[in-house]
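Asks: Input: one structure, supplied below.
Taken together, the values in this text are just the output of simple stated rules run on the coordinates, not laboratory data. Keep in mind the model is a prediction, meaning the values are calculated, not measured. Every residue, glycine among them, receives a Cβ derived from its backbone with ideal geometry; neighbour counts consider all protein chains shown.
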There are 2 protein chains.
Amino acid sequence: MSSSPESSNAERDFVRAHLDDLHADLDAWLRIPSISADPAHAPHVAASAAWLADALRRDGFPTVEIWPTPGAPAVFAEWPSADADAPVALVYGHHDVQPVDPPELWDHPPFEPTVVEGPDGPELHARGAIDDKGNVAFHLLGMRAHLAATGRDTPAVTVKLLIEGEEESGSPHFAGLLREKRDRLDCDVVVVSDTGMAAPDLPSAVTSMRGLADAEITLRGPAVDLHSGSFGGAVPNPLHAMAQLLARLHDDQGRVTLPGFYDKVRPLSDRERGLMARVPFDEREWLAGPAASRAATGEAGFTTQERIGARPTAEVNGMWGGYQGPGHKTIIPAEAHAKLTFRLVADQRPEDVADQVRAWVEANLPEGVRADVHAPPGGVAPCASDLDSPWMEALLRAIAQAWNSSPDDVLFMKEGGSGPEADLVDQLGAPLLFLGAGLPTDRIHSPNERVLLSMLHRGAEAAAHLWRELAAMQRG
Amino acid sequence: MSSSPESSNAERDFVRAHLDDLHADLDAWLRIPSISADPAHAPHVAASAAWLADALRRDGFPTVEIWPTPGAPAVFAEWPSADADAPVALVYGHHDVQPVDPPELWDHPPFEPTVVEGPDGPELHARGAIDDKGNVAFHLLGMRAHLAATGRDTPAVTVKLLIEGEEESGSPHFAGLLREKRDRLDCDVVVVSDTGMAAPDLPSAVTSMRGLADAEITLRGPAVDLHSGSFGGAVPNPLHAMAQLLARLHDDQGRVTLPGFYDKVRPLSDRERGLMARVPFDEREWLAGPAASRAATGEAGFTTQERIGARPTAEVNGMWGGYQGPGHKTIIPAEAHAKLTFRLVADQRPEDVADQVRAWVEANLPEGVRADVHAPPGGVAPCASDLDSPWMEALLRAIAQAWNSSPDDVLFMKEGGSGPEADLVDQLGAPLLFLGAGLPTDRIHSPNERVLLSMLHRGAEAAAHLWRELAAMQRG
């Protein structure tokens, strides 16, 4: 990758001159413990929405509304462009945060933002520092930089923001909100700001997210817990049956054995694999660092990056049955349980997975054991950007300017996680772009979550460039 | 099986004339909730010991002592025979009971003994009705019947009783007590009264009990719970590893795969198999009734009766890891756990099992997963009666008289459970006999535990006959 010496541009100059504003905003917002998963924190989630609405009004957004849902409120804002033909961009993000458990593993209190000097420069440590308050906050400064740098009173594109309050709880009311407010959300492109880049010096664009489906399996053996002395060795033990079932979830090539699971999986093209391979990845560092694991494993024929970003997976997230207390209890338990989630890629559909799980369980059940498969409707569809669209070209130019690079050097990344982005595509019918300032080392969802401040600064600048580039694209 | 019409004998006549005493004793004793597993019930376990000691003194035992242990107290009693050469018999039983959970499944309060008319006559419902207060209580009336029927002031054999208070908690201090009181417990034969018979009209003698060893396995994958979106499909999941491990606990013939597990197993002789086959067994009834299961399964080449009585087994009693709450949590957990117990038969040794488990886990561990096997020292050795000893002949004659049958018609049964009986053999070096009045349908350890009163009446009579028969055997 080539990179030219740090240069100057009007957006950057404005951002650099106003970093204190960004830092002050984040410091205030991060002090609000907007944990959506915990009902006790509902007032804080509401306070977080109110803080954001105030900040957007302060910065000049003419329309700012708090949208209630049956759960936590979302914030909507709109700043129309004065240009009649200007495209409409909708920024998606969220203002709720993950729980902080276990609190004792935090070096600093999670809701007292603390600047720590790190190997790549100053870091801000707090729950939500990057996921997702940091990613939303840089848009505040980005919009001001865009207006100042272009000398405009209104942005070059109409900018809408939809910042939800339940993303860390699975966005249970998000699709409903999109349906309800469909007209207000009309847009030409969606800019998702809830992801990140490969490394501080590797400008990159996420191009897809995996989908998600889940299932809970209950196996029932004897009608009651039995004494293992009187019955052991002669009747089916549902824990044995569960172990045998789950042991067959993957074949010896690491492939998921659900019937039909791969039928709709779009094969990885050589171009996609080539693009993924451009992202530097040190597996030993990854194992020793974020993965905290002793070995890499997975589907044969694919790299670790492909396994976590581009291939569908099945994971057992929880498993239980029988006695878990101290000492031993000599029972054959009546029931065994397991919770599974599946990550999906284009063109898999989450609604297909429930039937696949049921067929798979049925085919692998020993005699005398009954199964109950609970697969809630819904799930999350996989979603992706079009690599060759003019929208993507505008994004790459914006990122390249902020990172002092060239569009051809911006890397493409596939995000292994899942979010409500597919709902946006479904409901709004607009293409997706991803612009986020996170890093794989930011410990999102874990103790000591942080953001690298220089990434936020570049994020603000990239946002400012993006609004200009999207307008230019339209005219070009 | 032949059976002659109900006849009369002196022991039976005395028992029949004093059933109210037995019933009153049991009613009083069963009201004491002597649950040894629950520290809150420690005063009740002590009260239970005191009640038994008082009853033994009331019935004339010249020596009655409460023996404290670091846990719950045992009761010791001794009634020496005036005959110089009389053999010494030691009765083993226990006065503690199982917990009653879940209380809502009891038709009557577990500590308010209630007589219920059943298909085989009156039943007494209460926790401990048979396990083991019923089995101990019949010895009180049995001794009185023995003395009355033989017209003696002292029993024809010296009778000792050792009734412990921690059997339902794994008898943690029993071996220590035996060592401490070794001299007081000297005996020629041990009579274990903590088992039962095949059916009300099928007089039978237990001839062996299985041993027990336990192990807890912890598998560790990533150092912390990981996000399944970012890492799923690429690092070892300890729940998958646990499933694969436990799926290999048995081979496709239902044999336990621990290396060396069967090395010391004494093959079942044709005679033993023939004796077991004499015990009527309706598998469909057993499945529909006590086993509450939809199928029989187990080691190929053995009957269900052999599997639960005469063959060693491995059961997973508990298994857990990851998320067990509502909804889903998309993690790859750091740890997975399983608790296993093994039933052992002669000449397996519980102390060999820990190393076998460790070797087996080591051989079946995927790359990147570490295992910790915790196998507490101790365990329970299997134990057995000698089918052809004069002691056994005396027992068969006693049972035959009480059940109005002939010694040749008494069935031999193998008990699949495990208890501290092996400690008695080890420490006292005396042969074991089993005399108990339980039935497979008595729901021991479960709600609605009961005893068939007619079985207790016959048990009292059999005990009375046994003391006479053991003395006659010595003289014969």
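Asks: Tell me, what is the FRET efficiency for A:Ala288 and B:Asp426 to the nearest 0.05, using R0 = 51 angstrom and their Cβ-Cβ distance as r?
Replies: Step by step, r from the Cβ atoms, then E = 0.50.
Asks: Still on this structure, please answer the following. Measuring nothing but label to label, 7 Å from Cα along Cα→Cβ, what are B:Pro80's distances to the other copies in nm, shortest first?
Replies: Shortest to longest, the spacings are 11.2 nm.
Asks: Once the other residues with Cβ under 12 Å from the Cβ of B:Gly211 are scored (Lys, Arg +1; Asp, Glu -1), what is the net sum? Can you show the working numbers first?
Replies: On the way: positive: B:Arg210, B:Lys264, B:Arg343, B:Arg349; negative: B:Asp214, B:Asp347, B:Glu351, B:Asp352, B:Glu415, B:Glu421, B:Asp423, B:Asp426.
Net of charged neighbours comes to -4.
Asks: Place a +1 charge on the Cβ of each Lys and Arg in the protein assembly as shown and a -1 charge on the Cβ of each Asp and Glu, then give the dipole magnitude about the Cα centre in debye, rounded to the nearest 20.
Replies: Working: 80 positive and 140 negative charges, 168 e Å.
Here the protein assembly as shown has a charge dipole of around 800 debye.
Asks: For the range A:215-295, state what percent of all Cα-Cα pairs lands in each successive 5 Å bin, counting from 0 Å until the bin that includes the largest distance.
Replies: That works out to 3, 10, 11, 11, 14, 15, 12, 8, 6, 5, 4, 2, 0, in percent per bin.
Asks: 5 Å is the cut-off here: which amide hydrogens, built 1.01 Å from N in the peptide plane, fall below it relative to B:Thr69, excluding neighbours closer than 5 in sequence?
Replies: Result for B:Thr69 returns B:Ala74.
Asks: OK, next. Please arrange B:Met413, B:Met276 by how many other C-beta atoms lie within 10 Å of their C-beta, fewest to most. Walk me through the intermediate numbers first.
Replies: Values: B:Met413 24, B:Met276 21.
With the fewest neighbours first, B:Met413, B:Met276 line up as B:Met276, B:Met413.
Asks: Out of B:Ala430, B:Gly170, B:Ile444, whose Cα points farthest toward the positive end of the dipole of chain B (charges: +1 Lys, Arg; -1 Asp, Glu; placed on Cβ)?
Replies: B:Gly170
Asks: Within chain B, which whole H helices from DSSP have a Cα span along their axis of at least 15 Å and a mean Kyte-Doolittle hydropathy of 0.5 or more, if any?
Replies: Numbers: long enough: B:19-30 (16 Å, 0.06); B:42-58 (24 Å, 0.32); B:133-150 (26 Å, 0.43); B:350-363 (21 Å, -0.46); B:390-402 (18 Å, 0.55); B:453-475 (34 Å, -0.12).
Result, helices passing both filters: B:390-402.
Asks: A further question on this structure: What distance in nm separates the simple spin-label points at A:Ser454 and A:Thr63, each placed 7 Å from Cα in the Cβ direction?
Replies: So the label points at A:Ser454 and A:Thr63 sit 4.0 nm apart.
Asks: Could you give, in nm with one decimal, how far A:Asp347 is from each other copy of that position, shortest first, with labels 7 Å out from Cα toward Cβ?
Replies: 7.0
Asks: How far apart, in nm, are two points set 7 Å out from the Cα along the Cα-to-Cβ line at B:Arg266 and at A:Ala175?
Replies: According to this spin-label approximation, the distance is 6.6 nm.
Asks: For the range B:1-100, what ratio Rg/Rh do Cα atoms give with a Kirkwood hydrodynamic radius? Intermediate results must be reported in sequence, preceding the final value.
Replies: On the way: Rg = 17.2 Å, Rh = 16.1 Å.
Radius of gyration over Kirkwood radius for the range B:1-100 works out to 1.06.
Asks: Under the Karplus relation 6.51 cos²θ - 1.76 cosθ + 1.60, θ = phi - 60°, what is the ordered set of whole-Hz ³J(HN,Hα) values for the range A:107-123, x standing for Gly and Pro?
Replies: In residue order, the calculated couplings are 6, 10, x, x, 10, 10, x, 10, 8, 10, 7, x, x, 9, x, x, 10 Hz.
Asks: With +1 on each Lys and Arg Cβ and -1 on each Asp and Glu Cβ, and nothing else charged, work out how big the dipole of the range A:267-311 is about its Cα centre, in Debye to the nearest 20. Please list the in-between numbers first.
Replies: Working: 7 positive and 7 negative charges, 7 e Å.
That gives a dipole near 40 debye.
Asks: I'd like the FRET efficiency for B:Asp120 and B:Arg31, computed as 1/(1 + (r/R0)^6) with the beta carbon distance as r and R0 of 25 Å, rounded to 0.05. Could you put the intermediate results ahead of the total?
Replies: Working: r = 25 Å, r/R0 = 0.99.
The calculated FRET efficiency here is 0.50.
Asks: Same structure again: Dipole size in debye (nearest 20) for chain A around its Cα centre, Lys and Arg Cβ +1, Asp and Glu Cβ -1? Don't skip to the end; give the middle numbers.
Replies: Details: 40 positive and 70 negative charges, 132 e Å.
Around 640 debye, computed over chain A.
Asks: Grab the alpha carbons of the range B:376-476, take their convex hull, and tell me the volume per residue in Å³.
Replies: Working: hull volume 12.3 nm³, N = 101.
Measuring per residue, one finds 122 Å³ for the Cα hull of the range B:376-476.
Asks: Follow-up question, since we're still on this one. Once Lys and Arg get +1 and Asp and Glu get -1 on their Cβ, which of A:Gly211, A:Pro267, A:Pro290 lies farthest toward the positive end of the dipole of the range A:192-295?
Replies: A:Pro267
Asks: Chain A: longest stretch without exposed GluC sites (Glu not before Pro) (DSSP loop, at most 13 other Cβ within 10 Å), sites themselves excluded?
Replies: On the way: sites that count: A:Glu6, A:Glu367.
In short, A:7-366.
Asks: At 7 Å along Cα-to-Cβ for each site, give me the label-to-label distance between A:Glu367 and A:Ala277 in nm.
Replies: Between A:Glu367 and A:Ala277, the simple spin-label model gives 5.2 nm.
Asks: In the protein assembly as shown, with Lys and Arg counted as +1 and Asp and Glu as -1 at Cβ, which of these residues, A:Asn364, B:Pro222, B:Ala86, has the Cα nearest the positive end of the dipole, that is, farthest along it?
Replies: My answer, from the dipole projection, is A:Asn364.
Asks: Further, regarding this structure: Label-to-label distances across copies for A:Asp252, with labels 7 Å out along Cα→Cβ, in nm, shortest first?
Replies: Nearest first, the other copies' label points are 1.3 nm away.
Asks: Hey, any idea what the orientation-averaged projected area of the convex hull of the protein assembly as shown's Cα atoms comes to, in nm²? Walk me through the numbers before you get to the answer.
Replies: Working: hull surface 169.7 nm².
Averaged projected area of the protein assembly as shown's Cα convex hull equals 42.4 nm².
Asks: For the range B:258-370, what number results from the quotient of the Cα radius of gyration and 2.2 N^0.38 Å? Write out the running numbers ahead of the final one.
Replies: Numbers: Rg = 18.7 Å, N = 113, 2.2 N^0.38 = 13.3 Å.
That works out to 1.41 for the range B:258-370.
Asks: Most exposed first by the Cβ proxy, i.e. fewest other Cβ within 10 Å, how do B:Val316, A:Val380 rank? List each step's numbers first, then the result.
Replies: Details: B:Val316 26, A:Val380 23.
Going from least to most buried by this count: A:Val380, B:Val316.
Asks: Give me the tail of P(r) for chain B as a percent: Cα-Cα pairs with distance above 32 Å. Display every interim value, and only then the final one.
Replies: Values: 49637 of 113050 pairs.
Above the 32 Å cut-off, chain B has 44 percent of its Cα pairs.
Asks: Sum up the charges of everything whose Cβ sits under 12 Å from the Cβ of B:Pro376, counting Lys and Arg as +1 and Asp and Glu as -1, but leave B:Pro376 out. Don't skip to the end; give the middle numbers.
Replies: On the way: positive: B:Lys339; negative: B:Asp214, B:Glu216, B:Glu351.
Charge balance near B:Pro376 sits at -2.
Asks: Count, for each residue of A:437-445, the Cβ atoms from other chains sitting within 10 Å of its Cβ, then give me the mean as a whole number.
Replies: Numbers: counts 0, 0, 0, 1, 0, 0, 1, 2, 7.
The per-residue average across the peptide is 1.
Asks: Just want the ordering: A:Thr304, A:Thr297, from fewest to most Cβ atoms lying within 10 Å of their own Cβ. Intermediate results must be reported in sequence, preceding the final value.
Replies: Details: A:Thr304 19, A:Thr297 22.
With the sparsest Cβ surroundings first, the list reads A:Thr304, A:Thr297.
Asks: Could you let me know the centre-to-centre spacing of the range B:168-210 and the range A:404-476, using Cα atoms, in angstrom?
Replies: What the calculation gives is 73 Å, centre to centre.
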